[in-house]
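J.: There's a structure below that I have some questions on.
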Amino acid sequence: MKENQKSKMPFSVKLCSDKAAFEVHLLQRALLKMQDAKRLLENVKGYEVVVYTPHIMILRCGGAEVTLSNDGRMLIKKVKDEKEASLVAQNVLGIAFKSSHLNH
C-alpha cells in the first residue's frame, strides 16, 4: 500500500470479548460517505464489497473480512493477530476516508 493511501486517522484495536474478531474504534468523531467509500474500495485490487447498506458495509480484503460502519468503527475477522488487524484497518480507513469528512 502506498504511503498516501494509509490512514492518518488515529484508532484503537482490541480483541472482542468472544475472541472471534478485532474491534476498531476511531479516536475522533468521523462520518463516512458510504456510497463514495464503496466506490473507492471496489476500485482497489484485492477489495470486494460483499454487503452494502447506507450504514454498514462488509468487505473482503486479502484473507480478512471487514465490517465497516458509517462512523468508521470496524470488526475485523480472519486475521492472525492485532498487528495484522491494525494494518487492515489502516489500509481500509485510508481508502474509505478519501471522500469523507471529520466531524468535531
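The values are calculated or read from the model by the stated rules, or taken from the named source; none is laboratory data. Just so we're clear, the structure is a prediction, and the values are computed from it rather than from any experiment. With ideal geometry, Cβ positions are generated from the backbone for all residues, glycine too; neighbour counts draw on all protein chains shown.
J.: Mind listing just one residue for me: the one in region 45-74 that is hydroxyl-bearing (Ser, Thr, Tyr) and part of a strand (DSSP E or B) and, of those, farthest from residue 13 (Cα to Cα)?
T.: For region 45-74, the residue satisfying everything is 52.
J.: Here is a further query. Cβ-Cβ under 9 Å, sequence separation 6+ or interchain: first residue in region 21-44 and in a loop (DSSP other than H, G, I, E, B), partner among the basic types (Lys, Arg). Which pairs?
T.: Pairs that qualify, where the first residue is in a loop (DSSP other than H, G, I, E, B) and the partner is among the basic types (Lys, Arg), are 21/77; 21/78.
J.: Right, here's the next one. For region 27-48, what are the residues that are over 12 Å from residue 97 (Cβ atoms) and out of contact with any Pro (no Cβ under 6 Å at 6 or more places or on another chain)?
T.: 29, 35, 38, 39, 42, 43, 44, 45, 46, 47, 48
J.: So the check is Cβ under 6 Å with 6+ separation or different chains; which pairs have a first residue in region 75-104 that's on the phi > 0 side of the Ramachandran plot and a second one that's modelled with pLDDT under 95 and not hydroxyl-bearing (Ser, Thr, Tyr)?
T.: 78/63
J.: Any residue in region 1-10 that is surrounded by 16 or more Cβ atoms within 10 Å (Cβ to Cβ) and not in a loop (DSSP other than H, G, I, E, B)?
T.: no
J.: Tell me the residue from 13, 51 that is over 15 Å from residue 97 (Cα atoms), exposed (fewer than 15 other Cβ atoms within 10 Å of the Cβ) and of a type in the set (Val, Ile, Thr), please.
T.: On inspection, the qualifying residue turns out to be 51.
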